[in-house]
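Before any comments, here is the structure.
Only the coordinates and a few stated rules stand behind these numbers; no lab work does. Only a predicted model underlies this, so the values are computations on that prediction, with no experimental measurement involved. No Cβ is skipped: glycine too gets one built from the backbone with ideal geometry, and neighbour counts run over all protein chains shown.
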Amino acid sequence: MSAVPNIHLVDGSRNGHPTAEQKDVDLAAATRAAADLLAALGADLHSDHLRETPRRVAEAYAELLSPAQFNATTFPNDEGYDELVVVRGIPFQSLCAHHLLPFHGQAHVAYLPGARIVGLSKIGRVVDLFAHELQVQERLTTQVADWLVRALDPRGVGVIVEADHLCMSLRGVQKPGSLTVTSALRGAVKDDPRTRQEFLELVGRDGRR
């Protein structure tokens, strides 16, 4: 299981502009590897349609595996807000670590604030951050939850991810339309039944929709 990336936190009450770290991608090596793979699969790389395909494949995977830089800005919870903050239906796409095929869906993310809150757009960016790597859905779900715990020290966190995996719908068992749902609950969202039920109701996962 990969380590949580060292994303810089910016205190909104102070100046500072650190950004997320970027991965180094060797495009030349990736292009050669893509060409070798296509040749091994019997493709004619001299074809007009395939001559530039190795480069395009390398650039496409580099884009899919390179998250956008951002400042993870947090602010003091001066108003003492003590109810759930929920961002529902965050779209994402990622790459299956087992087959290098895409999976895509939605993430529902909530936290119960403590002393600090985070800019709402950053929740979507955190989902994208972890989605832009070779992933399994279970790890993606826990990484988002654990990032919020580390960044905010909130009283609780809830993350639900639902996704369609092409490695399941396009190949193998071939079950298109099936959704995989994973969850990660922390703090009061896990331990307090009323808070957990409120979270499930707010994201439409309470069994009544």
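Are any residues in region 121-160 under 9 Å from the mean Cα position of the chain (by Cα) and within 18 Å of Arg196 (Cβ to Cβ), and if so, which ones? Within region 121-160, Thr141, Val144 qualify. Could you tell me whether any residue of region 109-129 is among the aliphatic types (A, V, I, L, M) and over 20 Å from Thr73 (Cβ atoms)? The answer is no; no qualifying residue exists.
Conditions tested, residue by residue: (1) surrounded by fewer than 16 Cβ atoms within 10 Å (Cβ to Cβ); (2) touching a residue at least 12 places away in the same chain (Cβ under 8 Å); (3) touching a helix residue (DSSP H, G or I) at 6+ places or on another chain (Cβ under 6 Å).
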residue	(1), (2), (3)
Ser94	no, yes, yes
Ala97	yes, yes, no
His104	yes, yes, no
His108	no, yes, no
Leu112	no, yes, yes
Ser121	yes, no, no
Asp128	no, yes, no
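Suppose the filter is farther than 22 Å from Asp191 by Cβ and either free of Cβ contacts under 8 Å to residues at least 12 places away in the same chain or assigned to a helix (DSSP H, G or I) (or both); does Val149 pass it? So Val149 does not fit the description; no.
Going through region 59-80 one residue at a time, which ones are among the small types (Gly, Ala, Ser) and free of Cβ contacts under 8 Å to residues at least 24 places away in the same chain?
Quick first cut of region 59-80, residues among the small types (Gly, Ala, Ser) only: 60, 62, 66, 68, 72, 80.
Residues satisfying the conditions are Ala60, Gly80.
On the basis of being touching a Phe, Trp or Tyr at 6+ places or on another chain (Cβ under 9 Å) and in a helix (DSSP H, G or I), does Leu140 make the cut?
On the way: touching a Phe, Trp or Tyr at 6+ places or on another chain (Cβ under 9 Å): yes; in a helix (DSSP H, G or I): yes.
Yes: the conditions hold for Leu140.
In the set Asp24, Asp82, Asp44, only one residue is in a loop (DSSP other than H, G, I, E, B), touching a Leu at 6+ places or on another chain (Cβ under 7 Å) and either surrounded by 15 or more Cβ atoms within 10 Å (Cβ to Cβ) or not basic (Lys, Arg) (or both); that residue is Asp44.
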